[in-house]
Every structure is written in C-alpha cells, then in structure tokens.
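The values are calculated or read from the model by the stated rules, or taken from the named source; none is laboratory data. Since the model is a prediction, treat every value here as computed from it, not as a measurement. So basically every Cβ, Gly included, is an ideal-geometry build from the backbone, and we count neighbours across all protein chains shown. Accessible surface areas use protein heavy atoms only, side chains included; no ligands, DNA or RNA. Shrake-Rupley method; radii C 1.70, N 1.55, O 1.52, S 1.80 Å.
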Amino acid sequence: MRRLLALLAVLPLAACGEADMSDQPRAKTWDRNGFFPQAMTMRHPVAGTVPRNDPAKPAVQPASITETLLARGRERYGIYCTPCHGASGDGRGIIVARGFPSAGQLTTERQRTASADDLYHAISEGHRAMYGMGQMIPSADRWAIIAYVRALQRSQDTEVAGLPPEDRAKLEASR
C-alpha cells in the first residue's frame, strides 16, 4: 500500500516536462485570441478600476509662483532633495556625510543662471552622479521643487539693504 501511495505521489511529477514548463505559449497585448469574446487578448479594465497617475506625464510650468506652490516645493524638496543637497542647498546632505559623492550646490551662480527647463531636465533625467527622479516625482512637483530652489537661491547671500522694509525690520528685531 505504501509503495502504491509513493508511486501515486511521484507520478504527477513525471508528467511535467521541463521544456514544456519553461516554454509556454503566451499572448501579446494586441494578438488575436479565440479564448476571449471578440477574439481580443487585451481586456478592458474592470468597472470601478482607479487609473494610476503617471508621474512622468509632463505638466506645464506654472505661470506664477504662489505661496501654495512654494509650500509644496519645500515639502517635496525635503523628501527628495535634502538627503543629497542638504536643507540649504549647500550640497552637504546626510548621504554625502556617509561617503556618497558630493552633490552639487544649488546656490552657485551657475545654478542661479540655469533655466527652469534645465533644472527640470536634471531632476527628471539626472545629472552626473544624480539619479533621474522622473519616475518618482510627479511633473507638477518637479516644478514646485524648482520654485522652492529659486527661493533658496534668493535667500543665500542676499544683501540686507535689498530686502523690503518690513523684512529688514523683522531681521533687526530678531537680533
């Protein structure tokens, strides 16, 4: 009886040929397929399916910088950019302190004069040691980050005399 059970347990394995398992027929998206109605391989999504947003889908550059856009840019910068570029854009983030190649300073004259499109491309596709973040950061958030980087750039090395009177008064009061 034991031998019969052992034989029955091993018998199904003998029916599996390795070549058959590794080389199975499959259908490509646009192939005809008689198994499905209308002989279509590609199926319509199930009713109620929520579409996935494509972060690589381009958004237009905002016409103006708003407080909401800057707040979003600051938040996203803190998540995606601070580890390498640091909170002030000095290129000394936490991973640089741990041995990763130094990230570029975002407050240099070269970066200040770079176009917004150049910065957008660098965030999307990467630049030198920087990885492309286009698949992780939605397009609208990339524009928000650029707006925040521009604010960071203006905040560095700014002459006190160039500040509006109310900001100068706040600065003097904080001393």
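Compute and list, largest first, the equivalent-ellipsoid semi-axes of the range 38-175 from the alpha carbon gyration tensor, each √(5λ) rounded to a whole angstrom.
Gyration-tensor ellipsoid for the range 38-175: 36, 20, 13 Å.
Please calculate how many Å² of accessible area the range 99-175 carries per residue, with a 1.4 Å probe and no DNA, RNA or ligand atoms counted.
So the range 99-175 comes to 64 Å² accessible per residue, rounded to a whole number.
If packing is taken as the average count of other Cβ atoms within 10 Å, what order do 27-38, 92-103, 69-80 fall into, highest mean first?
69-80, 92-103, 27-38
Under 17 Å from a point placed 7 Å out from the Cα of Arg92 along the Cα-to-Cβ direction: which residues of the range 135-174 have their backbone N that close?
156-157
Per the 1.4 Å probe, what fraction of the accessible area of the chain, in percent, lies on carbon and sulfur atoms? Walk me through the numbers before you get to the answer.
Working: 7840 of 13580 Å².
Percent of accessible area from carbon and sulfur atoms in the chain: 58.
I need the P(r) histogram for the range 36-93: all alpha carbon pairs, bin width 5 Å from 0 out to the longest distance, whole percents.
Percent of Cα pairs in each bin: 4, 13, 11, 13, 16, 11, 6, 7, 6, 7, 4, 2, 0.
What is the set of long-range amide H partners of Met40 at a cut-off below 5 Å, with H atoms built 1.01 Å from backbone N?
Asn33
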